[in-house]
Amino acid sequence: MDIEKPSNKTAGKPIQCRAAIATAPGEPLVIDEVIVDPPNSHEVRVRIICTSLCHSDVTFWKMKDFPAVFPRILGHEAIGVVESVGENVDGVVEGDVVIPHFLADCTECVGCRSKKGNLCSAFPFKISPWMPRDQTSRFKDLRGETIHHFVSVSSFSEYTVLDIAHVVKVDPTVPPNRACLLSCGVSTGVGAAWRTANVEVGSTVVIFGLGSIGLAVAEGARLCGATRIIGVDVISEKFEIGKRFGVTEFVNSKNCGDKSVSQIIIDMTDGGADYCFECVGLASLVQEAYACCRKGWGKTIVLGVDQPGSQLSLSSFEVLHSGKILMGSLFGGLKAKSDIPILLKRYMDKELELDKFVTHEMKFEEINSAFDLLIKGKCLRCVIWMGE
Amino acid sequence: MNNKSASPKAGKVIRCKAAICRIPGKPLVIEEIEVEPPKAWEIRIKILCTSLCHSDVTFWKSSTDLPKLPLPVIFGHEAVGVVESVGEYVEEVKERDLVLPIFHRDCGECRDCKSSKSNTCSKFGRGYRPNMPRDGTSRFRELKGDVIHHFLNISSFTEYSVVDITHVVKITPHIPLGIACLLSCGVSTGVGAAWKVAGVEVGSTVAIFGLGAVGLAVAEGARLNRASKIIGVDINPEKFEIGKKFGITDFINPATCGDKTVSQVIKEMTDGGADYCFECIGLTSVMNDAFNSSREGWGKTVILGVEMHGSPISLNSIEILKGRSVCGTYFGGLKPRSDIATLAQKYLDKELNLGEFITHEVSFHDINKAFDLLLEGKSLRCIIWMDKLI
């Protein structure tokens, strides 16, 4: 097969382009030329317009053991244009603007058809290094060595290949440097408040961890009409930032003195909050969040991803006695193909605010500085522009 | 309001028989006691019949470990009776009404009672304290004057008891007394857990760990809500035949699963895990199994069993992230004042089958036989008749 530079004649042929490759745990990504195969059946090849860095990318970049693998193209929050489609692809054509989503939505299986959950049973979620249908890769380096995928997206590349179950067509007039946020982090947080917890008007909400996910939960809780949104973090500056996202009160868990965070929150809320969200990824914080919830109906929602194999430990007597509910969700409980367009419309209607999440914008070549900023806690979302 | 009481003993102490526990784990002793008249917001009940619930047995066996259970004590909390007299300010019931004492409080007024989201009444705070809930004192005395303590704010193993009005619900006299008695704890707890807490819907798959009366009541509740598959898990193989009467469609004996775990077997049977899993024993290892048997995406695990040592449940955090939830419940999420009447009506309409729960009947003087039967696993509910000789 001839390998060509991208043009409108590239359909059906491999494309050579640049990608930022993770070569070893914690090492800066290397921008290099890669070969991207044409899409197989049920796949589309997409030219990425822009992509943003999410903490989950950092987690699997730093990790040494499986499910981390190297070399790998990370990135899963993005927006792009369809360059070509494989066989058996309906609903999406060349030129469409699409958002990839790491959580599959095939729309047909038992899981996708159920209103009670958002986990596709045809393509169950896992940190896979391959394309979901045939467990192979569409990426190679110039020597022909396989480069691995990341959660069926791999957006740190000028071109990527996506299964149709992981792609949603969106309004082409949306600003891409805002729409890409809905591909993961902001949707996860807003969805958690809206769909998973179903926060109602007048609720009291507590959010542990005011990173992008936590702030997106605040934004979602604000849209749902919560009256009190208490943010918990160890960095005091997060309160000023949080206020722009609807956070009404702040607890710095390092400045609680003798009392536990949960005791302070129970005192502040006269018995505990209606909804507590854990947005950090620590089993011990989940326990603290559970303790902050109101007895009788308090819901604790786990969003943070801890190390594989980590266990949440709860007193069985407390579970029985308290009437509280513990639950978790991926991607905020959203069904990507229906809910991403809904959230996009709410942004375009100026209800959902996305601009405040973007603290930095940069070129593809600067991608490693996005990692530095996120690791140092100096950014929310860095949007990386791929093309010219 | 009629101020003249028809009860000859209204306002006076009643002397009657009660089954008293003085030493944990030893047979109850029937003695004469004195029962004071009801104070404000209290009623005195003549118990017609009562039944033994495993929670009585749990506390009877280990009561010295529990600081909140002073001795001597009168156990029993599942019963039906007639109001003998009422204290001041009681308006909800009057003398001669048929009532159920309910260990799970419902004041109807506090924020929790008013919310549809909760059934944990917060009128007297959230902890449990022995004896009467408003002033912590007892209405029972030995003939020589020493205090005998109440249990779970009820104490039904006595011919007469005094109960706070927040622990009382009127019941229709059309329902047989033995059935009425069941609705005051175990059966309501199980049916409620399936109906209200889990919200079992048509076509769901359900797994129930522990097929005692509560587990079988969950099955009955799931059957009523038209679950398609109701899997019972128990180490006693006889429970399958018994379980079929309550809607159990499939049975797993953990002792005969071979290499597979119970949750693996359940996942195979349900193509990924059950929609709803219920733990009805009180063992954290089983609670963990129940959680691991629930379906990703929406699987709900409901804990009903009382684990006495407070040991922790251990849940894999990724499995929680995959859309699962865990909660516990007292009294099956029911609000006694509104929901018991609903269950009674479902029984009268022949939708809810409760007769099969009653496997034995004894007279009050044979109350210890009820304990033996339950401990030997030979009974579901044994009705103890206060007046009848069986």
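The values are calculated or read from the model by the stated rules, or taken from the named source; none is laboratory data. What you are looking at is a predicted structure, and each value in this text was computed from that prediction instead of being measured. Please note: Cβ atoms are built from the backbone with ideal geometry, for glycine as well, and neighbour counts cover all protein chains shown. For accessibility, only protein heavy atoms count, side chains too; no ligands or nucleic acids. Shrake-Rupley method; radii C 1.70, N 1.55, O 1.52, S 1.80 Å.
How long is the protein assembly as shown along each principal axis, judged by its Cα atoms, biggest number first, in Å?
The Cα atoms of the protein assembly as shown stretch 102, 54, 42 Å along their principal axes.
Modelled label-to-label distance, A:Lys62 and A:Ser310, 7 Å Cα→beta-carbon offset: nm?
So the two model labels end up 1.1 nm from each other.
Can you give me the three principal axis dimensions of region A:186-332 from its C-alpha atoms, in Å, biggest first?
39, 34, 31
Modelling each spin label as a point 7 Å along the Cα-to-Cβ direction, I'd like the B:Lys350/A:Lys140 distance in nm, to one decimal.
7.4
Buried accessible area between B and A (1.4 Å probe, both chains summed, ligands and nucleic acids excluded), in Å² to the nearest 100?
That pair hides around 3400 Å² of surface in total.
Show the residues, 5+ positions off or on another chain, whose built amide H is closer than 5 Å to the amide H of A:Tyr159.
The answer is A:Ile48.
Run lengths n ≥ 4 of DSSP H only: what is the helix-derived mean residue ellipticity at 222 nm for chain B, with -39500 (n - 2.57) per run over all residues, to the nearest 500?
So the helix-based figure for chain B works out to -6000 deg cm²/dmol.
Give me the inter-chain shielding for A:299-305: mean count of other chain Cβ atoms within 10 Å, whole number please.
That works out to 3 on average.
Projected area of chain A, taken from the Cα convex hull and averaged over every viewing direction, in nm²?
Computing the convex hull of the Cα atoms and averaging its projections yields 18.7 nm².
Quick check on region B:1-135: of the DSSP beta bridges with both residues there, what percent are antiparallel, nearest 5%?
DSSP beta bridges in region B:1-135 are roughly 95 percent antiparallel.
For the protein assembly as shown, give the share of DSSP beta bridges that are antiparallel, in percent and rounded to the nearest 5; count only bridges with both residues there.
In the protein assembly as shown, DSSP labels about 60 percent of beta bridges as antiparallel.
Specify which residue in the list A:Met268, A:Leu285, A:Thr300 is farthest towards the positive end of the charge dipole of region A:237-388, using unit charges on the beta carbon of Lys, Arg (+1) and Asp, Glu (-1), about the Cα centre.
Of the options given, the answer is A:Thr300.
What accessible area per residue, rounded to a whole number of Å², is obtained for chain B using a probe radius of 1.4 Å?
Dividing the accessible area of chain B by its residue count gives 39 Å².
Please report the Cα spread of chain B along all three principal axes, rounded to whole Å, starting with the longest.
65, 41, 39
What does the extension gain come out to for A:Arg133 and A:Phe70, with contour length at 0.36 nm per residue minus their alpha carbon separation?
20.6 nm
How much accessible area per residue does region A:186-332 have, in Å², with a 1.4 Å probe?
Result: 33 Å² per residue.
Using alpha carbons only, how many angstrom separate the centre of region B:35-60 from the centre of region A:313-328?
Between the Cα centre of region B:35-60 and that of region A:313-328, the gap is 29 Å.
D for region A:150-234, whole µm²/s, Stokes-Einstein with Kirkwood Rh over alpha-carbon pairs at 25 °C and 0.890 mPa s: what number?
169
Using the Karplus curve 6.51 cos²θ - 1.76 cosθ + 1.60 with θ = phi - 60°, work out ³J(HN,Hα) for each residue of region A:63-73 in order, rounded to whole Hz, and write x for Gly and Pro.
For region A:63-73, the Karplus curve yields 5, 9, 9, 3, x, 6, 9, 9, x, 9, 9 Hz.
In whole angstrom, how far apart do the alpha carbon centroids of region B:113-145 and region B:164-188 sit?
Spelled out, the Cα-based centre of one part sits 18 Å from the other.
Suppose R0 equals 22 Å; then what is the FRET efficiency for A:Val234 and A:Ile375 from their Cβ-Cβ distance, rounded to the nearest 0.05?
Efficiency, rounded to the nearest 0.05: 0.90.
Work out how much length A:Glu351 to A:Glu200 would gain on full extension: take 0.36 nm times their residue separation and subtract the Cα-Cα distance, in nm to one decimal.
Residue separation times 0.36 nm, minus the Cα-Cα distance, leaves 52.7 nm.
Which value, in debye to the nearest 20, describes the size of the charge dipole of the protein assembly as shown about its Cα centre when Lys and Arg Cβ atoms bear +1, Asp and Glu Cβ atoms bear -1, and nothing else is charged?
1720
Is any residue of region A:142-175 close enough, with backbone N under 15 Å, to a label point placed 7 angstrom from the Cα of A:Val81 along the Cα-Cβ axis, and if so, which?
Under cut-off, by backbone N: A:158-160, A:170-175.
Efficiency by 1/(1 + (r/R0)^6): what FRET value for A:Val93 and A:Glu365, r their Cβ-Cβ distance, R0 = 35 Å, to the nearest 0.05?
0.65
How much of the accessible area of region B:190-331, probe 1.4 Å, is carbon plus sulfur, in whole percent?
The value for region B:190-331 is 50 percent carbon and sulfur by accessible area.
Can you find, among A:Gly202, A:Val44, A:Trp61, the residue sitting farthest towards the positive end of the charge dipole of the protein assembly as shown, where Lys and Arg contribute +1 and Asp and Glu -1 at Cβ?
Sorting the options by dipole projection puts first A:Gly202.
In sequence order, what are the phi-derived ³J(HN,Hα) couplings for region B:70-86 according to the Karplus relation 6.51 cos²θ - 1.76 cosθ + 1.60 with θ = phi - 60°, rounded to whole Hz, with x for glycine and proline?
Karplus-based 3J(HN,Hα) across region B:70-86 equals x, 10, x, 9, 9, 7, x, 8, 10, 6, 9, x, 10, 5, 8, 7, 10 Hz.
Skipping prolines and chain starts, which residues have an amide H placed within reach, meaning under 5 Å, of the one on A:Gly328, given they are 5 or more residues away or on another chain?
Answer set, sorted by chain and number: A:Val302, B:Gly323, B:Arg324.
If amide H atoms are built 1.01 Å from N in the plane of the peptide, which residues on other chains or at least 5 residues away come under 5 Å of the amide H of A:Cys293?
It is A:Ala273, by chain and number.
Pairs of alpha-carbon atoms within less than 8 angstrom and 6+ residues apart define the contacts here; what relative contact order does chain A have, in percent?
Answer for chain A is 16 percent.
Sorted by packing (mean other beta-carbon atoms within 10 Å per residue), highest first, where do A:265-271, A:178-184, A:140-146 land?
A:178-184, A:265-271, A:140-146
Show me B:42-50, A:343-351, B:373-381, B:329-337 ranked by packing, highest mean number of other Cβ atoms within 10 Å first.
For the peptides B:42-50, A:343-351, B:373-381, B:329-337, the packing ranking is B:42-50, B:329-337, B:373-381, A:343-351.
Which whole number gives the average count of other chain Cβ atoms within 10 Å of the Cβ atoms across peptide A:107-115?
For peptide A:107-115, the averaged partner shielding equals 2.
In percent, what relative contact order does region B:1-120 have, based on Cα pairs under 8 Å that are 6 or more apart in sequence?
The value is 25 percent.
Treat each spin label as a single point 7 Å out from the Cα along the C-beta direction, and report the A:Val30 to B:Arg134 distance in nm.
It works out to 8.0 nm between the two label points.
For region B:58-165, compute Rh as the Kirkwood radius over C-alpha pairs and then the Stokes-Einstein diffusion coefficient at 37 °C and 0.692 mPa s; write the answer in µm²/s, rounded to an integer.
Rounded to a whole number, D works out at 217 µm²/s.
For region B:190-331, with the dipole built from +1 on Lys and Arg beta-carbon atoms and -1 on Asp and Glu ones, taken about the Cα centre, which of B:Gly273, B:Gly221, B:Asn288 lies farthest toward the positive end?
Looking along the dipole axis, the top candidate is B:Gly221.
In whole Å, what is the distance between the alpha-carbon centres of region B:74-98 and region B:275-352?
What the calculation gives is 31 Å, centre to centre.
Per-residue Cβ counts within 10 Å, from other chains only, averaged over B:117-129: what number is that?
Taking the mean over all residues of the peptide, I get 3.
Which entries of A:Lys335/B:Lys267; B:Lys245/B:Lys350; B:Lys12/B:Lys46 have Cα-Cα distances beyond 20 Å here?
Beyond 20 Å: A:Lys335/B:Lys267.
Can you give me the P(r) profile for region B:203-279? Cα pairs, bins 5 angstrom wide beginning at 0, each as a whole percent.
4, 18, 32, 25, 16, 4, 0
Run through all the Cα pairs of region B:273-329 and give the fraction in each 5 Å bin from 0, expressed as whole percent.
Once binned at 5 Å, the Cα pair distances of region B:273-329 give 5, 23, 33, 23, 12, 4, 0.
Percent relative contact order of chain B, based on C-alpha pairs within less than 8 angstrom and at least six residues apart?
16
Which whole-Hz ³J(HN,Hα) couplings does region B:40-52 yield from phi under the Karplus relation 6.51 cos²θ - 1.76 cosθ + 1.60, θ = phi - 60°, glycine and proline marked x?
4, 6, 10, 10, 10, 10, 8, 6, 8, 8, 9, 10, 8
Starting from 0 in steps of 10 Å, tell me what percent of the Cα-Cα pairs of region A:300-388 lands in each bin.
Spelled out per bin, shortest first, that is 12, 23, 34, 20, 8, 1.
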